[in-house]
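So the structure is just underneath, and the comments pick up after that.
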Amino acid sequence: MITIELNGKQQPLPPDSAVSDLLSIIGSDGKSVAVVVNDHIIRPENRPSHLLQEGDRVELLIFAGGG
Amino acid sequence: MDLLQIGSYTFSSRLILGTGKFSNASVMLDAVRASGAQLVTVALRRFNREQAEDDLFGPLSSIEGITLMPNTSGASTAAEAVRAAHIARELSGSPFIKVEIHPNPQHLMPDPIETYEACRILAQEGFLVMPYIAADPVLAKRLEEVGCASVMPLGSAIGSGQGLATSGMLNIIIRESGIPVIVDAGLRSPSEAAHAMEMGCEAVLVNSAVAAAGNPPAMAEAFAEAVAAGRKAFRAGLMQKSGSAVATSPLTSFLGTV
(Lines give C-alpha, C1' and ligand atoms only; values in the text may rest on other atoms or scores of the structure.)
Protein backbone atom coordinates (compact mmCIF):
# COMPACT_ATOMS: atom_id res chain seq x y z
CA MET A 1 0.00 0.00 0.00
CA ILE A 2 1.02 3.58 -0.50
CA THR A 3 -0.17 6.55 1.51
CA ILE A 4 -1.37 9.79 0.02
CA GLU A 5 -2.68 12.94 1.66
CA LEU A 6 -6.36 13.33 0.76
CA ASN A 7 -7.94 16.64 1.73
CA GLY A 8 -5.38 16.96 4.50
CA LYS A 9 -5.77 13.42 5.88
CA GLN A 10 -3.74 10.27 5.36
CA GLN A 11 -5.34 7.84 2.91
CA PRO A 12 -3.95 4.35 2.14
CA LEU A 13 -4.18 3.26 -1.49
CA PRO A 14 -3.14 0.18 -3.47
CA PRO A 15 0.02 0.80 -5.53
CA ASP A 16 -0.54 1.94 -9.13
CA SER A 17 -3.91 3.48 -8.28
CA ALA A 18 -5.09 6.11 -10.75
CA VAL A 19 -7.06 9.20 -9.78
CA SER A 20 -10.20 7.50 -11.10
CA ASP A 21 -9.52 4.53 -8.79
CA LEU A 22 -9.28 6.86 -5.82
CA LEU A 23 -12.62 8.41 -6.75
CA SER A 24 -14.21 4.94 -6.90
CA ILE A 25 -12.74 3.98 -3.54
CA ILE A 26 -14.21 7.00 -1.81
CA GLY A 27 -17.56 6.64 -3.55
CA SER A 28 -17.53 9.66 -5.85
CA ASP A 29 -18.68 9.49 -9.45
CA GLY A 30 -16.24 12.33 -10.12
CA LYS A 31 -18.76 14.33 -12.15
CA SER A 32 -18.97 17.33 -9.89
CA VAL A 33 -15.59 17.01 -8.22
CA ALA A 34 -12.44 18.93 -9.10
CA VAL A 35 -9.24 16.96 -8.54
CA VAL A 36 -6.00 18.73 -7.70
CA VAL A 37 -2.82 16.66 -7.26
CA ASN A 38 0.22 18.50 -5.93
CA ASP A 39 -1.34 21.81 -7.03
CA HIS A 40 -2.07 20.57 -10.57
CA ILE A 41 -5.66 20.19 -11.77
CA ILE A 42 -6.31 16.71 -13.18
CA ARG A 43 -8.99 16.98 -15.84
CA PRO A 44 -11.61 14.20 -16.15
CA GLU A 45 -10.08 12.76 -19.31
CA ASN A 46 -6.72 12.31 -17.58
CA ARG A 47 -7.99 10.73 -14.36
CA PRO A 48 -7.81 7.06 -15.54
CA SER A 49 -4.18 7.45 -16.61
CA HIS A 50 -2.82 9.68 -13.83
CA LEU A 51 -1.22 7.32 -11.30
CA LEU A 52 -0.89 8.45 -7.71
CA GLN A 53 2.47 8.25 -5.95
CA GLU A 54 3.47 7.88 -2.32
CA GLY A 55 3.05 11.22 -0.55
CA ASP A 56 0.97 12.91 -3.25
CA ARG A 57 -1.21 15.70 -1.93
CA VAL A 58 -4.70 15.30 -3.37
CA GLU A 59 -7.49 17.82 -2.99
CA LEU A 60 -11.04 16.94 -4.01
CA LEU A 61 -13.27 19.99 -4.24
CA ILE A 62 -16.96 20.52 -4.85
CA PHE A 63 -19.32 23.48 -5.08
CA ALA A 64 -21.12 24.17 -1.83
CA GLY A 65 -23.27 27.06 -0.71
CA GLY A 66 -21.59 30.46 -0.67
CA GLY A 67 -22.38 34.11 -1.25
CA MET B 1 -35.82 44.45 -23.63
CA ASP B 2 -33.81 45.76 -20.70
CA LEU B 3 -31.10 43.16 -20.16
CA LEU B 4 -28.16 43.03 -17.80
CA GLN B 5 -25.06 42.56 -19.92
CA ILE B 6 -21.83 41.22 -18.46
CA GLY B 7 -19.21 40.43 -21.05
CA SER B 8 -21.05 38.64 -23.83
CA TYR B 9 -23.65 37.25 -21.41
CA THR B 10 -27.10 38.77 -21.00
CA PHE B 11 -29.59 38.23 -18.20
CA SER B 12 -33.19 39.33 -17.83
CA SER B 13 -32.92 39.12 -14.03
CA ARG B 14 -30.90 41.73 -12.19
CA LEU B 15 -30.97 39.86 -8.90
CA ILE B 16 -27.93 37.69 -8.20
CA LEU B 17 -28.44 35.20 -5.40
CA GLY B 18 -25.89 33.70 -3.04
CA THR B 19 -26.42 30.13 -1.88
CA GLY B 20 -24.74 30.19 1.55
CA LYS B 21 -26.29 30.01 5.01
CA PHE B 22 -29.58 28.38 4.01
CA SER B 23 -31.03 25.91 6.51
CA ASN B 24 -30.86 23.17 3.90
CA ALA B 25 -30.38 22.65 0.18
CA SER B 26 -34.08 22.21 -0.52
CA VAL B 27 -34.95 25.64 0.89
CA MET B 28 -32.05 27.17 -1.02
CA LEU B 29 -33.21 25.66 -4.31
CA ASP B 30 -36.76 26.89 -3.69
CA ALA B 31 -35.37 30.36 -3.04
CA VAL B 32 -33.30 30.29 -6.22
CA ARG B 33 -36.36 29.35 -8.25
CA ALA B 34 -38.52 31.98 -6.53
CA SER B 35 -35.90 34.68 -7.07
CA GLY B 36 -35.75 34.18 -10.82
CA ALA B 37 -31.99 34.72 -10.47
CA GLN B 38 -29.97 33.60 -13.46
CA LEU B 39 -26.57 34.20 -11.87
CA VAL B 40 -26.00 32.26 -8.66
CA THR B 41 -22.88 32.22 -6.51
CA VAL B 42 -21.29 29.09 -5.08
CA ALA B 43 -18.16 28.41 -3.06
CA LEU B 44 -15.47 25.75 -3.27
CA ARG B 45 -15.33 23.23 -0.43
CA ARG B 46 -13.47 20.01 0.19
CA PHE B 47 -15.41 16.90 -0.77
CA ASN B 48 -16.71 15.02 2.27
CA ARG B 49 -18.27 11.64 1.68
CA GLU B 50 -20.36 11.99 4.85
CA GLN B 51 -21.91 15.21 3.59
CA ALA B 52 -22.75 14.40 0.01
CA GLU B 53 -25.76 16.74 0.14
CA ASP B 54 -23.35 19.68 0.30
CA ASP B 55 -22.60 19.19 -3.38
CA LEU B 56 -24.75 21.80 -5.12
CA PHE B 57 -23.49 21.50 -8.67
CA GLY B 58 -26.04 18.91 -9.77
CA PRO B 59 -29.10 20.44 -8.08
CA LEU B 60 -28.29 23.99 -9.26
CA SER B 61 -27.47 22.87 -12.78
CA SER B 62 -30.88 21.22 -13.00
CA ILE B 63 -32.57 24.64 -12.73
CA GLU B 64 -33.04 25.98 -16.22
CA GLY B 65 -31.24 29.16 -17.16
CA ILE B 66 -28.80 29.22 -14.24
CA THR B 67 -25.21 30.35 -14.72
CA LEU B 68 -22.88 29.64 -11.82
CA MET B 69 -20.60 32.34 -10.49
CA PRO B 70 -18.09 30.62 -8.17
CA ASN B 71 -16.40 32.76 -5.57
CA THR B 72 -12.87 32.62 -4.22
CA SER B 73 -13.95 32.70 -0.59
CA GLY B 74 -11.27 31.23 1.64
CA ALA B 75 -8.48 32.88 -0.33
CA SER B 76 -6.43 35.40 1.59
CA THR B 77 -3.93 36.22 -1.17
CA ALA B 78 -4.08 36.92 -4.91
CA ALA B 79 -2.24 33.66 -5.63
CA GLU B 80 -4.79 31.65 -3.67
CA ALA B 81 -7.67 33.41 -5.41
CA VAL B 82 -6.18 32.71 -8.85
CA ARG B 83 -5.74 29.05 -7.93
CA ALA B 84 -9.33 28.86 -6.67
CA ALA B 85 -10.55 30.49 -9.89
CA HIS B 86 -8.79 27.89 -12.02
CA ILE B 87 -10.32 25.03 -10.01
CA ALA B 88 -13.74 26.66 -10.06
CA ARG B 89 -13.65 27.07 -13.83
CA GLU B 90 -12.90 23.35 -14.19
CA LEU B 91 -16.01 22.55 -12.22
CA SER B 92 -18.44 25.18 -13.44
CA GLY B 93 -17.48 25.54 -17.07
CA SER B 94 -18.41 29.19 -16.49
CA PRO B 95 -16.08 32.13 -17.12
CA PHE B 96 -17.61 34.04 -14.20
CA ILE B 97 -15.54 34.39 -11.06
CA LYS B 98 -16.39 36.44 -8.01
CA VAL B 99 -13.06 37.52 -6.60
CA GLU B 100 -13.46 37.67 -2.86
CA ILE B 101 -10.35 38.05 -0.75
CA HIS B 102 -11.02 38.90 2.87
CA PRO B 103 -8.23 37.89 5.20
CA ASN B 104 -9.85 39.02 8.45
CA PRO B 105 -12.89 36.99 9.57
CA GLN B 106 -13.76 39.65 12.15
CA HIS B 107 -14.92 42.18 9.57
CA LEU B 108 -14.61 40.36 6.20
CA MET B 109 -13.46 43.55 4.52
CA PRO B 110 -11.86 42.82 1.15
CA ASP B 111 -8.11 43.25 0.73
CA PRO B 112 -7.84 45.85 -2.06
CA ILE B 113 -4.23 45.09 -3.01
CA GLU B 114 -4.59 41.32 -3.30
CA THR B 115 -7.98 41.76 -5.00
CA TYR B 116 -6.50 44.11 -7.59
CA GLU B 117 -3.65 41.72 -8.37
CA ALA B 118 -5.92 38.67 -8.65
CA CYS B 119 -8.32 40.56 -10.91
CA ARG B 120 -5.52 41.75 -13.17
CA ILE B 121 -4.29 38.19 -13.70
CA LEU B 122 -7.71 36.60 -14.10
CA ALA B 123 -8.99 39.24 -16.53
CA GLN B 124 -5.91 38.63 -18.69
CA GLU B 125 -6.72 34.93 -18.63
CA GLY B 126 -10.20 35.59 -20.02
CA PHE B 127 -12.32 35.26 -16.90
CA LEU B 128 -15.36 37.47 -16.43
CA VAL B 129 -14.05 38.94 -13.22
CA MET B 130 -16.53 40.24 -10.64
CA PRO B 131 -14.60 41.62 -7.67
CA TYR B 132 -16.14 42.14 -4.25
CA ILE B 133 -14.64 45.42 -3.04
CA ALA B 134 -15.04 48.17 -0.52
CA ALA B 135 -17.01 51.12 -1.88
CA ASP B 136 -13.85 52.82 -3.14
CA PRO B 137 -14.25 54.80 -6.38
CA VAL B 138 -10.50 54.85 -7.09
CA LEU B 139 -10.13 51.09 -6.74
CA ALA B 140 -13.30 50.54 -8.78
CA LYS B 141 -11.82 52.57 -11.64
CA ARG B 142 -8.50 50.74 -11.45
CA LEU B 143 -10.31 47.41 -11.62
CA GLU B 144 -12.23 48.58 -14.66
CA GLU B 145 -8.92 49.52 -16.30
CA VAL B 146 -7.47 46.02 -15.80
CA GLY B 147 -10.47 44.46 -17.52
CA CYS B 148 -12.95 43.46 -14.84
CA ALA B 149 -16.43 42.69 -16.14
CA SER B 150 -18.08 44.50 -13.24
CA VAL B 151 -17.33 45.86 -9.81
CA MET B 152 -19.26 44.73 -6.75
CA PRO B 153 -18.86 47.25 -3.94
CA LEU B 154 -20.34 46.43 -0.55
CA GLY B 155 -23.37 48.26 0.80
CA SER B 156 -22.17 47.38 4.29
CA ALA B 157 -20.28 44.51 5.93
CA ILE B 158 -21.09 40.98 4.75
CA GLY B 159 -24.08 39.52 6.55
CA SER B 160 -24.54 42.63 8.69
CA GLY B 161 -27.90 43.74 7.32
CA GLN B 162 -26.79 47.36 7.71
CA GLY B 163 -28.06 48.25 4.25
CA LEU B 164 -26.61 50.94 1.99
CA ALA B 165 -24.26 52.50 4.53
CA THR B 166 -21.88 53.36 1.68
CA SER B 167 -24.46 55.07 -0.55
CA GLY B 168 -22.42 58.27 -0.95
CA MET B 169 -19.43 56.38 -2.31
CA LEU B 170 -21.66 54.08 -4.35
CA ASN B 171 -23.10 57.12 -6.11
CA ILE B 172 -19.61 58.20 -7.13
CA ILE B 173 -18.69 54.70 -8.33
CA ILE B 174 -21.88 54.48 -10.40
CA ARG B 175 -21.29 57.92 -11.91
CA GLU B 176 -17.69 57.15 -12.86
CA SER B 177 -18.00 53.52 -13.93
CA GLY B 178 -17.97 52.25 -17.48
CA ILE B 179 -18.79 48.69 -16.32
CA PRO B 180 -21.80 47.40 -14.39
CA VAL B 181 -21.85 48.28 -10.70
CA ILE B 182 -23.46 45.59 -8.57
CA VAL B 183 -24.06 46.14 -4.87
CA ASP B 184 -22.88 43.08 -3.01
CA ALA B 185 -23.24 42.54 0.71
CA GLY B 186 -25.00 44.14 3.62
CA LEU B 187 -28.53 44.44 2.29
CA ARG B 188 -31.34 43.39 4.61
CA SER B 189 -34.59 44.45 2.99
CA PRO B 190 -36.05 44.57 -0.52
CA SER B 191 -36.50 48.35 -0.20
CA GLU B 192 -32.71 48.70 0.08
CA ALA B 193 -32.32 46.65 -3.10
CA ALA B 194 -34.85 48.90 -4.84
CA HIS B 195 -32.92 51.94 -3.60
CA ALA B 196 -29.65 50.55 -4.99
CA MET B 197 -31.29 50.00 -8.37
CA GLU B 198 -32.84 53.49 -8.34
CA MET B 199 -29.33 54.87 -7.77
CA GLY B 200 -28.24 53.21 -11.01
CA CYS B 201 -26.75 49.91 -9.93
CA GLU B 202 -27.01 47.39 -12.73
CA ALA B 203 -27.77 44.51 -10.36
CA VAL B 204 -27.86 43.52 -6.72
CA LEU B 205 -26.34 40.46 -5.04
CA VAL B 206 -28.00 39.19 -1.89
CA ASN B 207 -27.50 36.10 0.21
CA SER B 208 -28.01 36.52 3.96
CA ALA B 209 -31.12 38.69 3.54
CA VAL B 210 -32.84 35.77 1.82
CA ALA B 211 -31.18 32.83 3.59
CA ALA B 212 -31.83 34.23 7.08
CA ALA B 213 -35.37 35.40 6.35
CA GLY B 214 -38.32 33.73 8.05
CA ASN B 215 -39.48 32.43 4.67
CA PRO B 216 -36.53 32.44 2.26
CA PRO B 217 -38.42 31.68 -0.99
CA ALA B 218 -40.98 34.41 -0.25
CA MET B 219 -38.18 36.87 0.56
CA ALA B 220 -36.39 35.90 -2.65
CA GLU B 221 -39.51 36.78 -4.60
CA ALA B 222 -39.84 40.08 -2.73
CA PHE B 223 -36.25 40.98 -3.63
CA ALA B 224 -36.88 40.11 -7.26
CA GLU B 225 -39.88 42.45 -7.36
CA ALA B 226 -37.99 45.22 -5.57
CA VAL B 227 -35.02 44.96 -7.94
CA ALA B 228 -37.34 45.08 -10.95
CA ALA B 229 -39.22 48.08 -9.52
CA GLY B 230 -36.02 49.92 -8.70
CA ARG B 231 -34.65 49.34 -12.18
CA LYS B 232 -37.89 50.55 -13.75
CA ALA B 233 -37.79 53.68 -11.62
CA PHE B 234 -34.18 54.38 -12.58
CA ARG B 235 -35.01 54.07 -16.26
CA ALA B 236 -38.11 56.21 -15.84
CA GLY B 237 -35.99 58.99 -14.32
CA LEU B 238 -36.53 60.20 -10.78
CA MET B 239 -37.74 63.78 -10.31
CA GLN B 240 -35.28 66.40 -9.13
CA LYS B 241 -35.14 67.08 -5.41
CA SER B 242 -36.02 70.56 -4.26
CA GLY B 243 -35.02 72.40 -1.11
CA SER B 244 -38.46 73.89 -0.77
CA ALA B 245 -42.05 72.90 -1.41
CA VAL B 246 -43.28 72.89 -4.98
CA ALA B 247 -47.06 72.87 -5.18
CA THR B 248 -48.87 70.19 -7.11
CA SER B 249 -52.24 71.99 -7.01
CA PRO B 250 -53.10 75.55 -8.06
CA LEU B 251 -52.66 77.97 -5.17
CA THR B 252 -54.68 80.78 -6.70
CA SER B 253 -57.16 81.98 -4.13
CA PHE B 254 -60.71 81.48 -5.39
CA LEU B 255 -62.82 80.61 -2.33
CA GLY B 256 -62.94 84.21 -1.26
CA THR B 257 -64.13 85.38 -4.68
CA VAL B 258 -67.19 83.14 -4.93
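The values are calculated or read from the model by the stated rules, or taken from the named source; none is laboratory data. Model, not experiment: these values are computed from the prediction. Virtual Cβ from ideal backbone geometry, glycine too; neighbours counted across all protein chains shown.
Tell me the residue from B:I174, B:I158, B:I182 that is crowded, with 18+ Cβ neighbours inside 10 Å, hydrophobic (A, V, I, L, M, F, W, C), assigned to a loop (DSSP other than H, G, I, E, B) and at negative phi, please.
Numbers: B:I174 fails: assigned to a loop (DSSP other than H, G, I, E, B); B:I182 fails: assigned to a loop (DSSP other than H, G, I, E, B).
Result: B:I158 is the single residue among B:I174, B:I158, B:I182 that is crowded, with 18+ Cβ neighbours inside 10 Å, hydrophobic (A, V, I, L, M, F, W, C), assigned to a loop (DSSP other than H, G, I, E, B) and at negative phi.
Quick one: which of B:Q5, B:Q106, B:Q38 is in contact with a Phe, Trp or Tyr (Cβ under 6 Å, 6 or more places away or on another chain) and over 30 Å from A:L22 (Cα atoms)? If you could, list the steps in order and put the result at the bottom.
Working: B:Q5 fails: in contact with a Phe, Trp or Tyr (Cβ under 6 Å, 6 or more places away or on another chain); B:Q106 fails: in contact with a Phe, Trp or Tyr (Cβ under 6 Å, 6 or more places away or on another chain).
Just a single option satisfies the conditions, and that option is B:Q38.
Could you say whether any residue in region B:219-231 is surrounded by fewer than 16 Cβ atoms within 10 Å (Cβ to Cβ), touching a Pro at 6+ places or on another chain (Cβ under 8 Å) and more than 30 Å from B:P112 (Cα to Cα)?
Taking region B:219-231 and keeping what is surrounded by fewer than 16 Cβ atoms within 10 Å (Cβ to Cβ), we get B:225.
Next cut, touching a Pro at 6+ places or on another chain (Cβ under 8 Å) only: B:225.
Still in the running and more than 30 Å from B:P112 (Cα to Cα): B:225.
Yes - at least one qualifying residue is present in region B:219-231.
Over 15 Å from the mean Cα position of the chain (by Cα) and under 25 Å from B:P190 (Cα atoms) - does that describe any residue in region B:87-101? Steps first, please.
Looking only at region B:87-101, we keep the residues that are over 15 Å from the mean Cα position of the chain (by Cα), and these are B:87-95, B:101.
So of that shortlist, the ones also under 25 Å from B:P190 (Cα atoms) come out as none.
No - not one qualifying residue is present in region B:87-101.
Quick one: in region A:37-67, of everything that is touching a helix residue (DSSP H, G or I) at 6+ places or on another chain (Cβ under 6 Å) and β-branched (V, I, T), which residue is farthest from the other protein chains (Cβ to nearest Cβ)?
A:I42
Report every pair of residues separated by at least 6 positions or lying on different chains whose Cβ atoms are under 8 Å apart, first residue within region B:62-81 and under 16 Å from B:I6 (Cα atoms), second in a loop (DSSP other than H, G, I, E, B) and hydrophobic (A, V, I, L, M, F, W, C).
Between residues of region B:62-81 that are under 16 Å from B:I6 (Cα atoms) and residues that are in a loop (DSSP other than H, G, I, E, B) and hydrophobic (A, V, I, L, M, F, W, C), the close pairs are B:I66/B:A37.
Pull up region A:1-28, narrow it to residues that are among the aliphatic types (A, V, I, L, M) and crowded, with 18+ Cβ neighbours inside 10 Å, then point me to the one that is nearest to A:N46 (Cα to Cα).
Step one: list which residues in region A:1-28 are among the aliphatic types (A, V, I, L, M), which gives A:1-2, A:4, A:6, A:13, A:18-19, A:22-23, A:25-26.
Filter once more, keeping what is crowded, with 18+ Cβ neighbours inside 10 Å: A:4, A:6, A:13, A:19, A:22-23.
Numbers: A:I4: 19, A:L6: 18, A:L13: 19, A:V19: 8, A:L22: 13, A:L23: 13 Å.
Per the stated criteria, the residue is A:V19.
On the basis of being closer than 23 Å to A:E5 by Cα and among the small types (G, A, S), does B:A25 make the cut?
Numbers: closer than 23 Å to A:E5 by Cα: no; among the small types (G, A, S): yes.
No.
Could you tell me whether region B:115-138 includes any residue that is of a type outside the set (S, T, N, Q) and modelled with pLDDT under 95?
Of the residues in region B:115-138, the ones of a type outside the set (S, T, N, Q) are B:116-123, B:125-138.
Filter once more, keeping what is modelled with pLDDT under 95: none.
No, region B:115-138 contains no residue that is of a type outside the set (S, T, N, Q) and modelled with pLDDT under 95.
Take residues that are touching a strand residue (DSSP E or B) at 6+ places or on another chain (Cβ under 6 Å) and farther than 17 Å from B:L91 by Cα and tell me which of the strands (runs of 3 or more DSSP E) falling wholly in chain A contain 2 or more. Step through it out loud before you land on a result.
On the way: elements: A:2-6, A:9-13, A:34-37, A:57-65.
So the answer is A:2-6, A:9-13.
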